[in-house]
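S.K.: The structure that follows is given in the form of structure tokens.
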Amino acid sequence: MRKPILLKDKILLSLTFLILSFGLYWNAFPDALAHMTPLGLIYNPTSSVPTGLYQAYQTPLKHGVIVSFCMPASSIPNGWKKRGYLLGNWKGTCENDNVPVIKPIAALAGDRITLNSKGATVNGHLIPNSRPMTEDEKHRPLTPYPFGTYTVQPGQVWFISHYIPDSLDGRYFGPLPISVINAPIRRIWPVSKQS
């Protein structure tokens, strides 16, 4: 038997429709997906974290918190934008018109992160699905960040997704300044137990 649609879900669906309709009206659909609206909403169409509508919220930055951030142009691996890894055909709100990236925090200042061919470990705990790939789905080569053990320095953060094995994240670009973070975000639609 099919579950009835809850009022909360109807409201979120209506809100999503209004936001996307507004973006289409202004011929700015990619921008509607690529950055937060004044309501702190952002749509994630990728699978590095669960797809859906996210909203900025206030929470301490800690392991596992999903954030929106802007990749510094100097940290983007060679060829990533051209290959479309950063939604390169869309104009975003970050430096050099890149769109914000959405990933979970894997390591913060003081943590020890080890990268090797088996994956990434933080303080001795293996991150699921973190084994670096040598090529993408189109068989183009990928170069992981140099293998080794690193102590995360003050003002640094590592982003590595455990949701899927082919996430393009810190296992390829390494640590970033914590100042790149736009905001912690949480999924508000579709509603699930993981949200």
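Just so you know, all these numbers are worked out from the coordinates, no wet-lab data involved. Keep in mind that this is a model prediction, so the values were computed, not measured. No Cβ is skipped: glycine too gets one built from the backbone with ideal geometry, and neighbour counts run over all protein chains shown.
S.K.: Seen from all sides and averaged, what is the projected area of the convex hull of the Cα atoms in segment 43-102, in nm²?
M.R.: Values: hull surface 19.1 nm².
Reported value for the Cα convex hull: 4.8 nm².
S.K.: Same structure, new question: What order, most packed first, do the peptides 53-65, 111-123, 155-167 have when packing is the mean number of other Cβ atoms within 10 Å of each residue? Don't jump to the answer; show the numbers that get you there.
M.R.: Values: 53-65: 13.8, 111-123: 16.8, 155-167: 19.2.
Ranking, from highest mean packing down: 155-167, 111-123, 53-65.
S.K.: Pulled fully out, how much extra length does the chain show between Thr114 and Asn129, if you take 0.36 nm times their separation in residues and subtract their Cα-Cα distance?
M.R.: 4.0 nm
S.K.: Under the classification rounded if a/c is under 1.5, otherwise prolate if a/b is larger than b/c and oblate if not, where does segment 96-137 fall, given a ≥ b ≥ c as square roots of the Cα gyration tensor eigenvalues? Walk me through the numbers before you get to the answer.
M.R.: Working: a/c = 2.59, a/b = 1.26, b/c = 2.05.
Here segment 96-137 falls in the oblate category.
S.K.: Once a ≥ b ≥ c are taken as the square roots of the eigenvalues of the Cα gyration tensor of segment 88-195, is the result rounded (a/c under 1.5), prolate (a/b larger than b/c) or oblate (a/b not larger than b/c)? The partial results should precede the final answer.
M.R.: Working: a/c = 1.31, a/b = 1.18, b/c = 1.11.
Because its axes are fairly even, with a/c under 1.5, segment 88-195 counts as rounded.
S.K.: Let me ask another. Multiplying the sequence separation of Tyr57 and Glu137 by 0.36 nm and subtracting their Cα-Cα distance, what value in nm do you get?
M.R.: That pair, Tyr57 and Glu137, stretches by 25.4 nm at full extension.
S.K.: Calculated FRET efficiency, Tyr163 and Ser75, Cβ-Cβ r, R0 30 Å, to nearest 0.05?
M.R.: Numbers: r = 21 Å, r/R0 = 0.71.
With a Förster radius of 30 Å, E is 0.90.
S.K.: Show the residues, 5+ positions off or on another chain, whose built amide H is closer than 5 Å to the amide H of Asn182.
M.R.: Here the answer is Ser68, Phe69, Cys70, since their amide H atoms fall under 5 Å of that of Asn182.
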